[in-house]
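Before any comments, here is the structure.
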Amino acid sequence: MMKTLLAAVFLAASVCTTQAQAIAPSTTAGIDALPVSTIFVTSSGMWEQTVDDAAEAAGGQKPAGEPTRGYYKVIALRQADGTAKIYLQQIAYTANGPSLIETIELEEFTQMKCYVTDIRPESSTGASDTPGLFVTVHLKTNPTQKDADAWTVLIDELGDMKIEKASN
């Protein structure tokens with residue numbers, strides 16, 4: 001009797017696992033599009049455009065009076081040689097969910113041929129109330145380097161970006 005009960009439990013568990021595996025691909029389709037070379041993704045900061053700027057950026061298609069707001073995403077992708085390229089994305093909030101506005105490569109990091117060890121937002125408390133971005137990129141310029149250097153990516157409320165070695 002005990003063996004029969006145990007066999008039934010294992011059979012039920014295997015059926016549940018099989019069903020979960022069958023369901024997973026359809027619910028993870030978006031994540032499957034993420035390159036396997038992605039090593040860090042950090043969403044942080046926020047941006048906001050005036051209605052006139054937003055209409056111009058959208059090719060005049062943005063209805064007047066509707067604000068354009070969104071957030072930034074910083075992504076590190078590992079290259080074949082182990083170094084990383086870092087990208088900044090500007091994402092808009094829309095009625096249909098997040099919408100990509102722009103992706104730019106942060107060339108300063110590419111030129112360093114850096115090994116990214118971490119990317120951290122200024123705060124982990126959620127969305128900011130003020131426009132801008134502040135993230136710290138921890139990196140090594142030599143894979144045998146003991147401690148990582150800290151670099152900041154700062155975008156002010158006007159949208160001007162500065163990348164510099166952290167001074168703290």
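Determine whether the range 130-148 contains at least one residue that is closer than 22 Å to Tyr71 by Cβ and more than 19 Å from the chain's Cα centre (by Cα).
Yes, the conditions are met somewhere in the range 130-148.
Tell me yes or no: at least one residue of the range 56-68 is in a helix (DSSP H, G or I), modelled with pLDDT under 95 and not basic (Lys, Arg).
Checking the range 56-68: at least one residue is in a helix (DSSP H, G or I), modelled with pLDDT under 95 and not basic (Lys, Arg).
Which of the residues spanning the range 80-128 are more than 17 Å from the chain's Cα centre (by Cα) and under 29 Å from Lys140 (Cβ atoms)?
Ala80, Asp81, Gly82, Thr83, Glu107, Glu108, Thr110, Gln111, Met112, Lys113, Cys114, Tyr115
Among strands (runs of 3 or more DSSP E) lying entirely in the range 78-168, which contain 3 or more residues that are open to solvent by less than 50 Å² (accessible area, probe 1.4 Å)?
84-92, 115-121, 133-140, 149-155
Among what's in the range 29-55 and is assigned to a loop (DSSP other than H, G, I, E, B) and open to solvent by 50 Å² or more (accessible area, probe 1.4 Å), pick the residue that is modelled with the lowest pLDDT.
Only one residue fits best here, namely Thr50.
Output the residues belonging to the range 103-137 that are hydroxyl-bearing (Ser, Thr, Tyr), at pLDDT below 95 and touching a Phe, Trp or Tyr at 6+ places or on another chain (Cβ under 9 Å).
Within the range 103-137, Ser123, Ser128 qualify.
Here are some conditions: (1) touching a strand residue (DSSP E or B) at 6+ places or on another chain (Cβ under 9 Å); (2) within 16 Å of Ser43 (Cβ to Cβ); (3) at pLDDT below 95. Gly97 meets all but one. Which one does it not meet?
Here Gly97 meets the rest and fails (1).
The values are calculated or read from the model by the stated rules, or taken from the named source; none is laboratory data. Keep in mind that this is a model prediction, so the values were computed, not measured. Quick reminder, even Gly has a Cβ in these numbers, built from the backbone with ideal geometry, and neighbours come from all protein chains shown. When the accessible area is computed, the model is the full protein with side chains, heavy atoms only, and any ligands, DNA or RNA have been set aside. Shrake-Rupley method; radii C 1.70, N 1.55, O 1.52, S 1.80 Å.
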